[in-house]
Amino acid sequence: GYDADYNPYPFDTAAAKTHMTTALQELGVKDTDGDGNVTPKDLGPMKFGYNCNAGHLPRVAFLAEAWRTGLGFGETQFDISCSDFATFLQERPAGKYNISRDAWGADFPHAKNQLDLLACGSGNNNSQYCNPAFDAAFKEAATITDPAQQEAKYIEAQRIAVDDASVLFLR
C-alpha cells in the first residue's frame, strides 16, 4: 500500500521553517527567552528517547542535529537517552519522551501492513494519532474484496495520515 510517488513534504528547509513557525503559533507557544520571536527554542528541553538495542543512535543523532541546524532548536535542547527495548515499551506510552524514535519493519506483504499503528486507540499507536477519517477509510478497506480496490482504499487512508503529518516517516 506504499505510494512511492506521493511526497507532500519534499526536502525544503525554508518551507519547514515556515511550517514550524505556523505550528508554534497555532499551538500557542509563547516567547520564553525574551527575544521577541517564537522559535523552537521556546519549546524548552525535550526528551528524545529510543531503543538502545536496535541501531537507532545514528538516526537519532542525525535528526537532532538536522533539527538544530535546519529548524533552530537549541544546541542542548534535546535530552537524548536510550533504554532497553522492554523498558522503552513501557516508558514510551507513559509519556516519558516528547519525541521517540520508533522503527517498524513490514510484517507481511499487504497494503494494510503497519497502517493499524495509526488507528485511534490501537495498542501500538505510540503517537496517539486519531483521525476519524483515517479510521473510516482504514476500516472500509478491510471490507473490500477486490485486491486493487482494497489497496486503493488503504492508500487513501495512508495519504490522510501522511497529510496530517501524524508521524515523521523516514525512508
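Positive end of the dipole of region 17-171 (Cβ unit charges, origin at the Cα centre): among Ser83, Phe169, Phe134, the Cα lying farthest that way belongs to Ser83.
Computed over protein heavy atoms with a 1.4 Å probe, the carbon and sulfur contribution to the accessible area of the chain reaches 54%. Phi-derived couplings, Karplus 6.51 cos²θ - 1.76 cosθ + 1.60 at θ = phi - 60°, listed residue by residue for region 90-101: 8, 5, 4, x, 7, x, 5, 10, 7, 9, 9, 9 Hz, with x used for Gly and Pro. For Glu156, neighbours were defined as the other residues whose beta-carbon sits under 11 Å from its Cβ, and their charges (Lys and Arg +1, Asp and Glu -1) total -2. Compute the helix-to-body angle for 147-163: its Cα long axis versus the longest principal axis of the chain, expressed 0 to 90° and rounded to tens. That helix lies at roughly 10 degrees to the long axis. Along its first, second and third principal axes, ordered by size, region 29-171 spans 57, 37, 26 Å in Cα coordinates. The residues packed around His19, meaning those with a beta-carbon under 14 Å from its beta-carbon, carry a net charge of -3 if Lys and Arg are +1 and Asp and Glu are -1. Counting lysine pairs in the chain that sit 8 or more residues apart in sequence, or on different chains, and whose Cα atoms lie under 27 Å apart gives 12.
The values are calculated or read from the model by the stated rules, or taken from the named source; none is laboratory data. Model, not experiment: these values are computed from the prediction. A quick note on method: Cβ atoms are made from the backbone with ideal geometry, for glycine too, and the neighbour counts reach across all protein chains shown. What goes into the accessible areas is simple: the full protein's heavy atoms, side chains included, and nothing from ligands, DNA or RNA. Shrake-Rupley method; radii C 1.70, N 1.55, O 1.52, S 1.80 Å.
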